[in-house]
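One structure below.
The values are calculated or read from the model by the stated rules, or taken from the named source; none is laboratory data. Owing to the predicted nature of the structure, the values given are computational and were not obtained by experimental measurement. When we count neighbours, we look across all protein chains shown, and the Cβ atoms used for this are built from the backbone with ideal geometry, even at glycine.
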Amino acid sequence: MHELSLCQDLLEQVTAIAQTHKADTVVRIIVWIGPLSGVEPLLLKSAFDLIRAGGVADQAELVLQNQAVKVVCSDCGMASEATANNLLCRHCGSGHTRLIGGDELILARVELAGVA
Amino acid sequence: MCNTCGCNLTAGNRHLLFTPPKTEAVTAVSVLGSLLQHNNEQAGRNRAHFDAHGVLVINLMSSPGAGKTALLEATIQRLKANINIAVIEGDLETENDADRIRAQGVPAYQITTGTACHLDAHLIAGVLPQLDLSAIDLLFIENVGNLVCPASFDLGHHRNVTLLSVTEGDDKPAKYPVMFRAADLMLITKTDLLPHLDDFSVAKAAQCQRALASQVPVLPLSSRTGDGLDAWLDWLAQEVVAHKLRVQRQQTIKPRMQEDGLKWHQQTPKIRFRPVARG
């Protein structure tokens, strides 16, 4: 359960962005999250409800956009969709793959209102 | 005054740019910041500190009871004559593990995390002042026993070693892919118990690890009997030497850590600022 500490980091970054843009309110926070990030979306949502109270993001909606697991093969050069516990190349079966998506944990976008 | 940084905006003209807040006026800011930013920054400072003294730092991760402390005891007994070792122990409560390490004659520092299920870079930074790094070649960090959270936190270390004991089940890498994918070395421990178990296959465990596109060495061993320890000790000794050479060249290495995927999205501008709904 480290979702709470991640949420603190999230809120600090969001608050700093709101301050930079002199906004009153944060309307929406968009986070990209992949299955290999090690973070459970539902837990992140409930942790966010606890952390945001009373701050600039009090009324904000947290939108979690799930990212697909994708690999690219170093042997055949092809990209393929994969799953968290099977990252082998779907074209040639090789284990020499690089992850190109699915481990995201990114604060992608913040929507602000009341920009002074 | 310019149109780039916003210095031409004043209290007198700002209303021309943005609609009043009471409507659906929304300003979107694309940030692409890692949610582990604070931890990662501290981890970078920790690593620089370790590198300044040429200390190799290894993070041991596993479920509770997989034999991390027993492995350290056996390792220290065999290596302490040649390599200066210290240990940072992470547990929710008690000094028990640190006491076991001290009994082997090497310094140990206990971090009790209370309810926290993992160590993070700030907790490590907190014990750094107590460590005499100039007297150490190899620092082990024994993370909190947990196959989930520790994988996400860079501590400023150089290598992740993940333990899987034979009593846990050979499909653990498939069940906990985030943890096992982070491994730079996988150890299968308590192999002396294999004769009593009919449901653990070392080959199957290695196969589950390979399915994570992980080519790292998988070493079976028993800390109790010493079987297989030599390969692990050789790996350690090589890593210590390799790291000394690395820092002489002003280089370092990061563990195969759960990155935040940021690297794949760098082509997008770091901050984009655009008023969406204009009145």
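The figures follow:
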item	result
Candidates B:ILE136, B:ILE111 - the one that is out of contact with any Pro (no Cβ under 6 Å at 6 or more places or on another chain), within 20 Å of B:LEU72 (Cβ to Cβ), away from every other protein chain (no Cβ under 13 Å) and at pLDDT below 95	B:ILE111
Residue, farthest from the other protein chains (Cβ to nearest Cβ), within the range A:83-106, restricted to residues that are surrounded by 23 or more Cβ atoms within 10 Å (Cβ to Cβ) and over 19 Å from B:ALA206 (Cβ atoms)	A:GLY102
Residue match in the range B:121-143 (condition: out of contact with any Leu (no Cβ under 9 Å at 6 or more places or on another chain), under 25 Å from A:ALA84 (Cα atoms) and either free of Cβ contacts under 8 Å to residues at least 40 places away in the same chain or of a type in the set (Gly, Ala, Ser) (or both))	no
Residue pairs meeting the criteria (Cβ under 7 Å; at least 6 apart or on separate chains; first touching a residue at least 60 places away in the same chain (Cβ under 8 Å), in the range B:222-233; second part of a loop (DSSP other than H, G, I, E, B) and not hydrophobic (A, V, I, L, M, F, W, C))	B:SER223/B:GLY67
Wholly within the range A:1-112, strands (runs of 3 or more DSSP E) carrying at least 2 residues that are over 12 Å from the mean Cα position of the chain (by Cα)	A:25-33, A:70-73, A:79-81, A:97-101
Test: residue in the range B:164-177 that is in contact (Cβ under 8 Å) with a residue 24 or more places away in the chain, surrounded by fewer than 19 Cβ atoms within 10 Å (Cβ to Cβ), of a type in the set (Gly, Ala, Ser) and in a loop (DSSP other than H, G, I, E, B)	yes
Within the range B:1-103, strands (runs of 3 or more DSSP E) holding 3 or more residues that are within 22 Å of A:ALA18 (Cβ to Cβ) and at pLDDT below 95	B:27-34
Hey, B:ALA237 assigned to a helix (DSSP H, G or I), closer than 18 Å to B:ALA70 by Cα and away from chain A (no Cβ under 13 Å) or not	no
Answer residue from the range A:10-38, given it is more than 15 Å from A:ALA108 (Cα to Cα) and in contact with a helix residue (DSSP H, G or I) (Cβ under 6 Å, 6 or more places away or on another chain) and is modelled with the highest pLDDT among those	A:LEU36
